[in-house]
Amino acid sequence: MFIKSLYILKASNSFKIELNKEVTVNLGLKKIPPCFHTLLAGCVFNKNLPLKNATVLVFDKCFKPMFHAVTNEYGVYQFRNLLRPGEYNIIAKAKGYKTSVSKHIQIKSNKIIKLSFSLKKELPFRNGIVYGKIFDERCKKAIKNVTVCLVSYMDNCKIIYKAQTNCCGQYLIYNILPGKYKMIIKKQGYKSSNQIRLTISSDDCMALNIGLLRNCIENNL
C-alpha cells in the first residue's frame, strides 16, 4: 500500500536533555501543497521573436487574479502542478506591447495545455511624443485648461493634434506621425505664444515648457 506524507518534514532547533528530565518540543508543520498533475505552458512572442520578461496572468472564470509567471529568454512560461482542474482566463502583456485579449481555457488533470501569445507593438510609442508644462511667465505658476495644438506646417487652420493642460499645467500629445508641424498655444486672458516649429521623427520624445504673458488689457483692470 502506497502511503503519502501529508506534511512537509521540518527539523526542530537543537536541544539538550539530561537523565531523568523531560523536554517539550513544539513544531509547526505545513501541509504539502496538493499536486494537481496539470501543466499550462507556452510562448510569448512578437513576429516570431520571443519576448523575454513578458508577464502571463491567470484569472479565474470571473476574472479574479490568481497567479502570474514571467517568460524566460526564449519567451517560454509555464504553470506546473499549480492550477487545479477548472476554467481560467489567461492574458499576456509586456512593456511596449499591447496587452493580449483574454483566452478562456479548460485545465484538466494529466493533460498538457499549450497556449501561446503573439503581442503587437504599442502604437503610441512607435511615433512621436511632445509633452511639457505651460506656466505664467511672470509668476511662474502653472496654467490649467490651456489649449495646445499641433497644426499643419503649411496650413495654420488645419489642427492635427490637440490637448489641454491639467491642473498642474501639464500637457501630453502622443502618437504623432513623423513630419513637420507648428505648435499653437491658446488661453483666454493670455497672449497666444509665438508659433513653434517642430520636426517630429519616429520615436521622438520631446519636452517643451512654455511661458505665457497675460493680456495688457486684463492687467490694467
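The values are calculated or read from the model by the stated rules, or taken from the named source; none is laboratory data. Since the model is a prediction, treat every value here as computed from it, not as a measurement. Cβ sites come from the backbone with ideal geometry, for glycine too, and all protein chains shown count toward neighbours.
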Answer yes or no as to whether residue 166 is surrounded by 12 or more Cβ atoms within 10 Å (Cβ to Cβ) and outside any strand (DSSP E or B).
yes
Hey, can you tell me all the residues within the range 78-104 that are more than 24 Å from the chain's Cα centre (by Cα) and either more than 22 Å from residue 36 (Cβ to Cβ) or surrounded by fewer than 16 Cβ atoms within 10 Å (Cβ to Cβ) (or both)?
80, 81, 84, 85, 86, 87
I'd like the full set of residues that are modelled with pLDDT of 90 or more and not in a loop (DSSP other than H, G, I, E, B), limited to the range 201-213.
210, 211, 212
Which one of these is crowded, with 17+ Cβ neighbours inside 10 Å, in contact (Cβ under 8 Å) with a residue 60 or more places away in the chain and in the same structural domain as residue 65 (by TED's automatic domain parsing): 113, 134, 129, 143?
113
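Kindly establish whether residue 190 is modelled with pLDDT of 90 or more and within 18 Å of residue 155 (Cβ to Cβ).
Judged against the criteria, residue 190 is not a match.
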Please determine, by comparing only the residues of the range 38-77 that are among the small types (Gly, Ala, Ser) and surrounded by 17 or more Cβ atoms within 10 Å (Cβ to Cβ), which one is nearest to the chain's Cα centre (by Cα).
54
